[in-house]
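Bear in mind that the values in this text are calculations on the coordinates, not laboratory data. Remember, predicted model here, so these are calculated numbers, not experimental data. Cβ atoms come from the backbone with ideal geometry, glycine included; neighbour counts cover every protein chain shown.
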């Protein structure tokens, strides 16, 4: 009889302890939720995108590496990364390092349309609510003149960049991580070597002679060397160099 009473008492005590423990756990969860909620309401967390001003236009963009290209109808996008080390880190299965800058250069109908820049720095993003932050990345949009964009996807709408990338936590908040993993860095090394043999772009415009073929009704086809001002000459040279580059890229 005593054994039965002791056994029943032990079961009752275990039940009471379990119930208390569950109650404490529930209180902790509710308390945490209330803390997060009250924190957001009281302004503990900043509005998403408020740190966009930290991102400056990458002045060394032209030295970057185009590791991904997209074509969608009349839209053409080149994705640059400034640091070769960033690609190496990703390909070695590591986190992108602090200081990584990735830039989307967007064209529409063949004309430069926008620059979208994302930059990672240690400690960035900590002012945002946990369910809104994109790791340590901040984002900014720039006009074709490289000024901060105040309308369109820029300005108050810059938060859309954060929302879009927040879904890519598995890929370090990048939409093009797979392309970076697959990018062949060896091609960059080879192109730099071959490019250094004929540095066409480094030749000053004044050293170029532009010859045009003119049709003269009296003398037939006549070759004449026209004198162009520096601005027109530079434009012609840029068109030629662009065509050369595109032919090499397509081949």
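Can you tell me the FRET efficiency between residue 171 and residue 69 if r is taken as the Cβ-Cβ distance and R0 is 22 Å, rounded to the nearest 0.05?
Approximately 0.75, to the nearest 0.05.
Using 1/(1 + (r/R0)^6) with R0 = 41 angstrom and r between the beta carbons of residue 186 and residue 47, what's the FRET efficiency to the nearest 0.05?
Once rounded, the FRET efficiency stands at 0.40.
Using alpha carbons only, how many angstrom separate the centre of segment 118-186 from the centre of segment 58-76?
Between the Cα centre of segment 118-186 and that of segment 58-76, the gap is 15 Å.
Compute the Cα gyration tensor for segment 104-197, then decide on rounded, prolate or oblate, letting a ≥ b ≥ c be the square roots of its eigenvalues: rounded whenever a/c is under 1.5, prolate when a/b is larger than b/c in the other cases, and oblate in all that remain.
Oblate, because a/c is 1.5 or more while a/b does not exceed b/c.
Based only on other Cβ atoms within 10 Å, what is the fewest-to-most ordering of 124, 137?
The fewest-first ordering by Cβ neighbours comes to 124, 137.
For each of 122, 134, count neighbouring Cβ atoms within 10 Å of the residue's Cβ, then give the residues from fewest to most.
122, 134
Relative to the present Cα-Cα distance, how much length would full extension add between residue 85 and residue 179 at 0.36 nm per residue of separation?
Result: 32.3 nm gained on full extension.
What ranking do 103, 163 get, fewest neighbouring Cβ atoms within 10 angstrom at the top?
163, 103
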